[in-house]
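The values are calculated or read from the model by the stated rules, or taken from the named source; none is laboratory data. Keep in mind the model is a prediction, meaning the values are calculated, not measured. Cβ coordinates were reconstructed from backbone atoms using ideal geometry, including for glycine residues, and neighbour counts include every protein chain displayed.
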Amino acid sequence: MTKKLLRSLAGETQAVPPIWMMRQAGRYLPEYRATRAQAGDFLSLCYNPELAAEVTLQPIRRYGFDAAILFADILLLPQALGADLWFVTGEGPRLSTTTTSAELAKLNPVDAIHETLNPVYETVRILSRELPEETTLIGFAGAPWTVATYMIAGRGTKDQGPAHALKQADRATFEGILDLLTKSTIEYLSKQIEAGAEVVKLFDSWAGSLKGEDFTKYALEPAKKIIAALKVLHPDIPIIAFPREAGEGYVGFAKATGADCVALDNSVSAEWAAEHVQVDGCVQGNLASSHMVTGGQALVDEVLRIREAFSKGPHIFNLGHGITPDADPENVALMIETLRKG
Ligand code: CP3
């Protein structure tokens, strides 16, 4: 019997869709906070296979989600390429910047990344042994544009200004960074699959700030290259693409890139997306994560509305973005119970 999540990814319409949640292993869970304290800091947790596997399993034990997502971070890849990476409590990630051709040339070659990333592959191996047999294991990476925005700015930015500025000022270096990330992402995801990931997801969290031709060149084209290469190496592994806040860019994205599923943020309505995006195949999403904070009847109504809107095609229920640390674990239980109640 094929796993529930894989059935949706294969194009099956299910009366009750499979469910998992972005950032399901995270600070809203007391057991996550305890394990993270045991590991020390966030990066030590990411590079500790036993503890990273433990936090991945916590939301599966608590809620019985249909999928587990590997616990790691999209910024481990630039670190493996040689960027310094650290996290400032309460603020977020910091990286040494890559903004010149000389700095780009100093980064590691693609095949050197595994030395740093081996613990991540070990986490995947542990998880593929320990997950319940009905639970699907999802691996992931950041999309080149999104990862590049952090490498160029050295931190998270609201409008991705420094990356847009480099794109205008020194297009060769900008495209060189994207090209290195595209090649290393193929290698990184391929190794996760060899270690036991059954699905992979490409997070392009800042795709929405690329407009017009830039969206095609720097969000769609890199996704298409990565997916094409992975489909040659691992033809049976489904791929979820998440060009967050793409808006109209969601239309035709799966067909153009070869993705098996497109993940939707909550800036598009489920009704619109059913008509314009789900016509091409499986979609994932798109409950606003604020409902995990506020709960109540509004949460119940939204879960039922979204399930109904996507009921005529393949669907994976999820949030439109990651769950936030101030979410109430009881609301997650209510979301799942509502969805699964026939
Ligand atoms: O979804 C999951 O549960 C899997 C693990 C995962 C994490 N980050 C763990 C994490 C995944 C898939 C990511 C992806 C990621 N990381 C993205 C793309 C998705 C998105 O949210 O848009 C981005 C942009 C990052 C970079 C990143 N990592 C930022 C900006 C931050 C700081 C913000 C914050 O919430 O503090 C992180 C830290 C991070 N990554 C945490 C977790 C659980 C919180 C760290 C902690 O425990 O203190």
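List of remarks:
- At least 2 residues being under 30 Å from Leu334 (Cα atoms) and within 10 Å of the ligand (Cβ to nearest atom) is the threshold, and among the strands (runs of 3 or more DSSP E) wholly inside the stretch 51-160 those reaching it are 67-69, 136-142.
- Pairs meeting the criteria (first residue in the stretch 14-31 and over 15 Å from Ala67 (Cα atoms), second residue more than 9 Å from the ligand (Cβ to nearest atom) and assigned to a strand (DSSP E or B), beta carbons under 9 Å, at least 6 apart or on different chains) are Gln14/His315.
Each row is one residue, and each column tells you yes or no for (1) surrounded by fewer than 21 Cβ atoms within 10 Å (Cβ to Cβ); (2) among the β-branched types (Val, Ile, Thr); (3) at positive phi.
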{"site": "Glu271", "(1), (2), (3)": "yes, no, no"}
{"site": "Cys282", "(1), (2), (3)": "no, no, no"}
{"site": "Val293", "(1), (2), (3)": "yes, yes, no"}
{"site": "Glu302", "(1), (2), (3)": "yes, no, no"}
{"site": "Phe310", "(1), (2), (3)": "no, no, no"}
{"site": "Ile323", "(1), (2), (3)": "no, yes, no"}
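- Residue check for Ala298: over 30 Å from Ser184 (Cβ atoms), hydrophobic (A, V, I, L, M, F, W, C), touching a His at 6+ places or on another chain (Cβ under 7 Å) and surrounded by fewer than 22 Cβ atoms within 10 Å (Cβ to Cβ): yes
- Among the residues listed as Pro144, Pro132, Pro162, the single one being in contact with a Pro (Cβ under 6 Å, 6 or more places away or on another chain) and of a type outside the set (Lys, Arg): Pro144
- Filtered residues of the stretch 314-341 (kept if of a type in the set (Lys, Arg) and modelled with pLDDT of 95 or more): Arg340
- Residue within the stretch 15-31 that is part of a helix (DSSP H, G or I) and either within 12 Å of the ligand (Cβ to nearest atom) or under 20 Å from the mean Cα position of the chain (by Cα) (or both) present: no
- Near pairs, Cβ below 6 angstrom, 6+ apart or cross-chain, from the stretch 307-329 (closer than 25 Å to Gly11 by Cβ) to any residue that is within 16 Å of the ligand (Cβ to nearest atom) and of a type in the set (Lys, Arg): none
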